[in-house]
Amino acid sequence: MDRKNCKPNATSFGTLIAGFYKEEKYEDVGKVLNLMKDHDMRPGLYIYNIRIQSLCKLKKSVEAKALLDGMLSKGMKPNSVTYCHLIHGFCREGNLDEAKKIFKKMVNSGCQPDSDCYFTLVYFLCQGGDFETAMQICKESMAKGWVPSFSTMKSLVNGLASISKVDEARGLVGEMKEKFSKSAEMWNQVEEGLPK
């Protein structure tokens, strides 16, 4: 690029970094970061988010969290994208406790979770059997007008019933029938399957 009098920018460096992570060429990631220094560019939020997302995709969320900690120690402020990558990564790795901690840290720092962040947490909490926390997060999401998919909601309803929270499960079914009258028949079938 330099030979053609084109200067690389954060996007070109980010593309290289994401590619090297995908190929698991960590030494080359380091070389690109050094090349950024040579061009008087400091990794900003964009580059950190690419690195965090890439590590989470590789199921290296602990390393990604270390990057977040490094950002914070340098006075950099992560955004909701940063936190959502980590939440999704820890959920995919089955570390729901860490995902919940990251979610709490996100909210406490003033970053607002987006719908995908809520849906990811509700889905994986149901998969992990933490139906009470899933219900709490689902209610927060629904208060913002974001409702997880039918299959996730059905999993939550059945999970609540399995831990003797049948009234809460019925209440959730009622809300779904009210909000989505076109799918009321599907929710009637779910309700019929609940214990009396």
Taking the stretch 53-84, which residues are more than 19 Å from Phe103 (Cβ to Cβ) and of a type in the set (S, T, N, Q)? Ser54, Ser73
Close pairs from the stretch 146-166: first farther than 16 Å from Thr133 by Cβ and of a type in the set (D, E, K, R), partner open to solvent by 70 Å² or more (accessible area, probe 1.4 Å) and assigned to a helix (DSSP H, G or I), Cβ under 9 Å, at least 6 apart: Lys154/Met186
Looking at (1) open to solvent by 60 Å² or more (accessible area, probe 1.4 Å); (2) within 17 Å of the chain's Cα centre (by Cα); (3) over 19 Å from Asn95 (Cβ atoms), find the lone condition where Val147 falls short. (1)
Just give me the residues in the stretch 96-128 being touching a Pro at 6+ places or on another chain (Cβ under 8 Å) and surrounded by fewer than 17 Cβ atoms within 10 Å (Cβ to Cβ), in sequence order. Val107, Ser109
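Condition check ((1) surrounded by 14 or more Cβ atoms within 10 Å (Cβ to Cβ); (2) under 19 Å from Met71 (Cβ atoms); (3) without any contact (Cβ under 8 Å) to a residue 60 or more places away in the chain) across all residues:
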site: Glu24; (1), (2), (3): no, no, yes
site: Asn34; (1), (2), (3): no, yes, yes
site: Asp40; (1), (2), (3): no, no, yes
site: Gly44; (1), (2), (3): no, yes, yes
site: Ile50; (1), (2), (3): yes, yes, yes
site: Lys57; (1), (2), (3): yes, yes, yes
Tell me which residues, restricted to the stretch 31-58, are farther than 25 Å from Glu93 by Cα and not hydrophobic (A, V, I, L, M, F, W, C). Lys31, Asn34, Lys37, Asp38, His39, Asp40, Arg42, Pro43, Gly44
Tyr26 vs. criteria farther than 24 Å from Leu125 by Cβ and modelled with pLDDT of 85 or more: no
Could you name every one of the helices (runs of 4 or more DSSP H) located completely within the stretch 28-133 that has at least 3 residues being aliphatic (A, V, I, L, M), closer than 18 Å to Gly14 by Cα and out of contact with any Cys (no Cβ under 6 Å at 6 or more places or on another chain)? 45-57, 61-73
Does Phe131 satisfy the condition of being under 16 Å from Phe180 (Cβ atoms) and either surrounded by 15 or more Cβ atoms within 10 Å (Cβ to Cβ) or touching a residue at least 40 places away in the same chain (Cβ under 8 Å) (or both)? no
For Ser115, indicate whether it is among the small types (Gly, Ala, Ser) and within 27 Å of Leu55 (Cβ to Cβ). yes
Criterion first (within 15 Å of the chain's Cα centre (by Cα) and closer than 24 Å to Ile137 by Cβ) does Lys77 satisfy it? no
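The values are calculated or read from the model by the stated rules, or taken from the named source; none is laboratory data. The structure presented is a predicted model; accordingly, all values stated were derived computationally and were not measured. Here Cβ is always computed from backbone atoms with ideal geometry, including for glycine, and neighbour counts include all displayed protein chains. Just so you know, the surface numbers come from the protein's heavy atoms only, side chains and all, with ligands and any DNA or RNA stripped out. Shrake-Rupley method; radii C 1.70, N 1.55, O 1.52, S 1.80 Å.
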